[in-house]
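Visitor: Following this message is one structure expressed as structure tokens.
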Amino acid sequence: MKRPLIDHHRVRRHFSCHADEYERYAQVQKRVVAGLLERLERLGSMSGPVLEVGAGTGALARRIAEVYPQLPLVVTDLAHGMTRQAASRLPGAWALDADAACLPFVDRSFGLMLSASMYQWIVDLPAAFAESARVLKPGGVFAFALFGAGTLCELRSCHQRALGEVDASRTSHTQEFPSREEVAESLRRVGFVGIAVESVDEREHHADVPDLLRSLKKIGAQNASRSGPPGLASRRVMERMMELYRREHGRDGMIPATYEVIYGLGRRA
């Protein structure tokens, strides 16, 4: 399934510009790293080399280097600012800019491929997963986490309702995320075996909608859809959306933001 087109130049720019402050604000992403490592540990020993795509500032790679210090490590990111941050924190790893949808490696190069909080930015998951399978050795492990369809459900539903009330002629251009079924089917289509896919909800709380939107901007996770203008909408729509959000989801002076985290594992046959 192909979702609305993502402007990869915009994604690269957003994340690169906020690389210096990413770790300060990426609280849910840190929980995702811990969750992915927990699932990886259940598989036992691993073979290398290890490749991480969408490495960001290298939080996952640093933990992998601690657990598997004997395995060669390569980290990549689409955003150059993120690659630089990862390289500065991982002096023993190779770091380079790379697009997960078109990896610059020969076939059967890696024993383990990892990714955390990145594949939701990929429109064509089967094509990207095929790249993952291509660079893995036979029996190699692909372990990842991405944000699924339930992510920011409160924000997206309130925005859609506000838009319908204020300006029904327009459609919502909020980010869409893949479903758990779509992720599992994408893995099967490209030949992975031993597939395990599960989803877990993570929540964070904010003082209000502007605080939530600021935190997303601080990590570079801004709207990058090609199908509409950046941002959410007009001032009237925003005001109505914030009112709906507070009324329907607010509690004790705070609002929740839900993230559906989809964890996936598979092996190259």
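The values are calculated or read from the model by the stated rules, or taken from the named source; none is laboratory data. Just so you know, these numbers come straight off a predicted model, no measurement behind them. When we count neighbours, we look across all protein chains shown, and the Cβ atoms used for this are built from the backbone with ideal geometry, even at glycine.
Visitor: Taking the stretch 60-99, which residues are buried (at least 22 other Cβ atoms within 10 Å of the Cβ), of a type in the set (S, T, N, Q) and farther than 15 Å from Met113 by Cβ?
Guide: Thr83, Gln85
Visitor: Next question, about the same structure. Which one of Val11, Val28, Val32 is over 17 Å from Arg267 (Cβ atoms), of a type in the set (Val, Ile, Thr), assigned to a helix (DSSP H, G or I) and at pLDDT below 85?
Guide: Val11
Visitor: Of everything in the stretch 37-59, what is of a type in the set (A, V, I, L, M, F, W, C), within 12 Å of Met113 (Cα to Cα) and not in a loop (DSSP other than H, G, I, E, B)? Give them in sequence order. Working first, answer last.
Guide: First pass over the stretch 37-59, keeping only residues of a type in the set (A, V, I, L, M, F, W, C): 37, 40, 43, 46, 50-51, 53, 55, 59.
Next, only the ones that are within 12 Å of Met113 (Cα to Cα) stay: 40, 46, 50-51, 53, 55.
Residues satisfying the conditions are Leu40, Val50, Leu51.
Visitor: Does the stretch 84-115 hold any residues that are under 17 Å from Glu66 (Cα atoms) and free of Cβ contacts under 8 Å to residues at least 12 places away in the same chain, and which are they?
Guide: Ser88, Pro91
Visitor: Now for a separate question. Across the stretch 45-59, which residue is farthest from Pro126 (Cα to Cα) among those that are surrounded by fewer than 20 Cβ atoms within 10 Å (Cβ to Cβ) and among the small types (Gly, Ala, Ser)?
Guide: Ser45
Visitor: Applying the selection to the stretch 100-129, what residues are among the polar types (S, T, N, Q), modelled with pLDDT of 95 or more and surrounded by 23 or more Cβ atoms within 10 Å (Cβ to Cβ)?
Guide: Across the stretch 100-129, the qualifying residue is only Ser115.
Visitor: Residues Ser132, Ser157: which one is of a type in the set (Ser, Thr, Tyr), part of a helix (DSSP H, G or I) and buried (at least 24 other Cβ atoms within 10 Å of the Cβ)?
Guide: Exactly one residue qualifies, and that residue is Ser132.
Visitor: Of the residues Glu198, Glu185, Glu154, Glu204, which single one is closer than 21 Å to Ala101 by Cβ and not basic (Lys, Arg)?
Guide: Details: Glu198 fails: closer than 21 Å to Ala101 by Cβ; Glu154 fails: closer than 21 Å to Ala101 by Cβ; Glu204 fails: closer than 21 Å to Ala101 by Cβ.
The conditions single out Glu185.
Visitor: Just give me the residues in the stretch 62-83 being in contact (Cβ under 8 Å) with a residue 24 or more places away in the chain and out of contact with any Ser or Thr (no Cβ under 9 Å at 6 or more places or on another chain), in sequence order.
Guide: Selection gives Arg62, Arg63, Ile64, Ala65, Val67, Pro72, Leu73.
Visitor: Tell me which of these Thr83 doesn't satisfy, since it passes every other one: (1) out of contact with any strand residue (DSSP E or B) (no Cβ under 6 Å at 6 or more places or on another chain); (2) assigned to a helix (DSSP H, G or I).
Guide: (1)
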